[in-house]
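A quick write-up on the structure given underneath.
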Amino acid sequence: MEKKTTGIIATVATVLLCGIPGLCLCLFGGLAAAGILPYTTEFGGQTSSGTVPPTWGYAGICLALILIAIPVIVGIVTLRKKPEAESMSDEPVPPAI
């Protein structure tokens, strides 16, 4: 398999496994940081409700940015053009002194 094909497969895989969940987490983190992400729980007949703390939202946004950065870094590293090795020229090599 060619190196470019492997790079494309790695980039697509990281987008699916890291990028898309990162975008979803960024959305929910933004809602939680804004204080508009409600929750309701019921345990043992008692009901409780409230909003998710904004600090959880900030942590979610930070984690989302890391997850979004992973496919970008993988794409840059695997798909960049590497400089070609210098080929040997036909010029004679000067004698060593």
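With more than 30 Å from Glu2 (Cα to Cα), in a helix (DSSP H, G or I), among the aliphatic types (A, V, I, L, M) and at pLDDT below 95 as the only criterion, which of Ala64, Ala33 stands out?
Among Ala64, Ala33, only Ala33 is more than 30 Å from Glu2 (Cα to Cα), in a helix (DSSP H, G or I), among the aliphatic types (A, V, I, L, M) and at pLDDT below 95.
Within the range 39-56, is even one residue among the hydroxyl-bearing types (Ser, Thr, Tyr) and under 23 Å from the mean Cα position of the chain (by Cα)?
yes
For the range 48-61, enumerate the residues that are out of contact with any Cys (no Cβ under 8 Å at 6 or more places or on another chain) and either modelled with pLDDT of 95 or more or under 16 Å from Ala32 (Cβ atoms) (or both).
Matches in the range 48-61: Ser49, Gly50, Thr51, Val52, Pro53, Pro54, Thr55, Trp56, Gly57, Tyr58, Ala59.
From the list Thr14, Thr6, Thr41, pick out the single residue that is outside any helix (DSSP H, G or I) and among the hydroxyl-bearing types (Ser, Thr, Tyr).
Thr41
Kindly indicate which of Ala96, Ala10, Ala33 is over 18 Å from the mean Cα position of the chain (by Cα) and crowded, with 16+ Cβ neighbours inside 10 Å.
Ala33
Is it fair to say Leu16 is surrounded by 11 or more Cβ atoms within 10 Å (Cβ to Cβ) and without any contact (Cβ under 8 Å) to a residue 12 or more places away in the chain?
So Leu16 fits the description; yes.
Which of the residues that make up the range 48-81 are among the polar types (S, T, N, Q) and either touching a Lys or Arg at 6+ places or on another chain (Cβ under 9 Å) or free of Cβ contacts under 8 Å to residues at least 12 places away in the same chain (or both)?
Of everything in the range 48-81, those that are among the polar types (S, T, N, Q) and either touching a Lys or Arg at 6+ places or on another chain (Cβ under 9 Å) or free of Cβ contacts under 8 Å to residues at least 12 places away in the same chain (or both) turn out to be Ser48, Ser49, Thr55, Thr78.
Determine if the range 71-88 includes at least one residue that is surrounded by 10 or more Cβ atoms within 10 Å (Cβ to Cβ), on the phi < 0 side of the Ramachandran plot, at pLDDT 95 or above and small (Gly, Ala, Ser).
No, the range 71-88 contains no residue that is surrounded by 10 or more Cβ atoms within 10 Å (Cβ to Cβ), on the phi < 0 side of the Ramachandran plot, at pLDDT 95 or above and small (Gly, Ala, Ser).
The values are calculated or read from the model by the stated rules, or taken from the named source; none is laboratory data. Since the model is a prediction, treat every value here as computed from it, not as a measurement. Quick reminder, even Gly has a Cβ in these numbers, built from the backbone with ideal geometry, and neighbours come from all protein chains shown.
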